Amino acid sequence: MPLRQPATFDEFMRLQHVGAVNVSGADHSSWNGTWEVQPYKLTDDGLRVLGSAGWDHVIRYDEERVLRPLRQMFLQAGQLQDDATLLRYREALAVVYHENLHLLAGRGTEHADAEQDFRIAAVRALEEGVTESYGHETLDDYVDEFQLELVAPGIKNVVAFPAYERFTPAAETLAYELGGLDNADRLEMLRRMAIVNATGKWAVATGVIADRYGLGDPRFAQERGVAERRITNAMWQHFGKLPDLSGLGSHLIFSRSCAIGRKAFEEGRAVAGQYFARRVSFGGVASPGRATSGWGSYSARGGPPYSGTRRAGGPERRP
């Protein structure tokens, strides 16, 4: 059941995390209830930071691009606005939703538990790619959760384009390929990764591959941990290249990012395949997944990742 429509900006800000938990089905949010104004800061590719989810579990938002439009939206609740105004509202909401998705965590874990791993380029890339992709595709659900169409009529009819063009195609491609191993669609795989912290996202991806290649077999109990680390490291080698795509044209970034996501999956699958081959030597087993022929080849499902429809020159990014 959707939340009650917030009557004021302050009420919405108090409940911002609940909407993200409800839409995603996450166990909980690590947000500590405090939000502040984001100090002026630029990303590594020179764009203005519009929001951040800190390791102190405080969320910070840009005053001009996020807080001011949302205050205006609630002050003028129910009034008809032009598309340009609705787009400012929607982009501000996208930042709020994005930062709250960052703070989702699995049972027994918190956002800050991933601080050390976040120093790894591949971990940062998947965290941002999954968060932005899932947030972009489910933003209307977040709007519905707060009944914000009543506050800003038509807000679901304007299009806000995703950011993080280096990371989202790779994350979506990886989710798409993982879904082929687990009878799940791409959005469901993005959701499973979105509801855990940055370390947990790689645990989800690795776990899908490991499980499908038989590493849950009791005979592999002692070496599963080592196998999963090898699978993860193989995929990290590729995702770690994504930050270096800065400076390329948008279409080239998209194609190379997709290729990196696919290559990461293939490398992780190849490592798991080595263990699968050993399992076969124990007496023969079924094929590791649908659309496969043995462990050495994989046919992806039809259809491109959502990022194929992105526009050139996306908006400013959010860390």
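Looking at GLY129, GLY154, GLY135, just one residue is over 30 Å from LYS263 (Cβ atoms) and of a type outside the set (Phe, Trp, Tyr), and that residue is GLY154. The criterion of being open to solvent by 10 Å² or more (accessible area, probe 1.4 Å), assigned to a helix (DSSP H, G or I), in contact with a helix residue (DSSP H, G or I) (Cβ under 8 Å, 6 or more places away or on another chain) and not basic (Lys, Arg) does not hold for VAL226. For ALA163, the conditions (1) open to solvent by 30 Å² or more (accessible area, probe 1.4 Å); (2) outside any helix (DSSP H, G or I) all hold with the exception of (1). Residue check: GLN222 meets all listed conditions (1) touching a residue at least 12 places away in the same chain (Cβ under 8 Å); (2) over 19 Å from SER24 (Cα atoms); (3) of a type in the set (S, T, N, Q) but one, namely (1). For GLU127, the stated conditions do not hold, so it cannot be described as in contact with a strand residue (DSSP E or B) (Cβ under 6 Å, 6 or more places away or on another chain), within 26 Å of PRO243 (Cβ to Cβ) and open to solvent by less than 40 Å² (accessible area, probe 1.4 Å). Those strands (runs of 3 or more DSSP E) of the range 26-82 in which at least 2 residues are surrounded by 13 or more Cβ atoms within 10 Å (Cβ to Cβ), considering only elements entirely within it, cover 51-53, 59-61. Checking each residue in the range 214-243 for being at pLDDT 80 or above and of a type in the set (S, T, N, Q) picks out THR232, ASN233, GLN237. In the range 1-22, the residues that are touching a residue at least 12 places away in the same chain (Cβ under 8 Å) form Cβ pairs under 8 Å with partners that are open to solvent by 70 Å² or more (accessible area, probe 1.4 Å) and aliphatic (A, V, I, L, M), at six or more places apart or across chains, as follows: GLN5/LEU150; PHE9/LEU75.
Would a scan of the range 170-179 turn up a residue that is modelled with pLDDT of 95 or more and either surrounded by fewer than 24 Cβ atoms within 10 Å (Cβ to Cβ) or over 18 Å from the mean Cα position of the chain (by Cα) (or both)? Within the range 170-179, one or more residues are modelled with pLDDT of 95 or more and either surrounded by fewer than 24 Cβ atoms within 10 Å (Cβ to Cβ) or over 18 Å from the mean Cα position of the chain (by Cα) (or both). When you check LEU103 against the structure, is it touching a residue at least 40 places away in the same chain (Cβ under 8 Å), crowded, with 24+ Cβ neighbours inside 10 Å and under 14 Å from the mean Cα position of the chain (by Cα), yes or no? Yes.
Here is a yes/no grid of residues against (1) among the aromatic types (Phe, Trp, Tyr); (2) part of a helix (DSSP H, G or I); (3) out of contact with any Ser or Thr (no Cβ under 8 Å at 6 or more places or on another chain); (4) without any contact (Cβ under 8 Å) to a residue 12 or more places away in the chain:
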| position | (1), (2), (3), (4) |
| --- | --- |
| ARG107 | no, no, yes, no |
| ALA170 | no, yes, no, no |
| LEU174 | no, yes, yes, no |
| LEU178 | no, yes, yes, no |
| MET193 | no, yes, yes, no |
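Of the set (1) open to solvent by 30 Å² or more (accessible area, probe 1.4 Å); (2) at pLDDT below 95; (3) in a helix (DSSP H, G or I), all apply to PHE276 but (1).
Quick grid of which residues meet (1) of a type in the set (Val, Ile, Thr); (2) closer than 14 Å to TYR97 by Cα; (3) at pLDDT 95 or above; (4) in contact with a Lys or Arg (Cβ under 7 Å, 6 or more places away or on another chain):
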{"position": "PHE12", "(1), (2), (3), (4)": "no, yes, yes, no"}
{"position": "ALA26", "(1), (2), (3), (4)": "no, yes, yes, no"}
{"position": "ASN32", "(1), (2), (3), (4)": "no, no, yes, no"}
{"position": "GLU36", "(1), (2), (3), (4)": "no, no, yes, yes"}
{"position": "PRO39", "(1), (2), (3), (4)": "no, no, no, no"}
{"position": "LEU67", "(1), (2), (3), (4)": "no, yes, yes, no"}
{"position": "PHE74", "(1), (2), (3), (4)": "no, no, yes, no"}
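For first residues located in the range 241-257 and closer than 15 Å to THR173 by Cα, partners that are aromatic (Phe, Trp, Tyr) and lie 6+ apart or on another chain with Cβ distances below 9 Å form the pairs LEU242/PHE167; SER257/PHE167.
The values are calculated or read from the model by the stated rules, or taken from the named source; none is laboratory data. As the structure is a prediction and not an experimental result, all values here were calculated from the model. Note: ideal-geometry Cβ built from the backbone for every residue, glycine included; neighbour counts use all protein chains shown. In case anyone asks, the SASA skips ligands and DNA or RNA and just uses the protein heavy atoms, side chains included. Shrake-Rupley method; radii C 1.70, N 1.55, O 1.52, S 1.80 Å.
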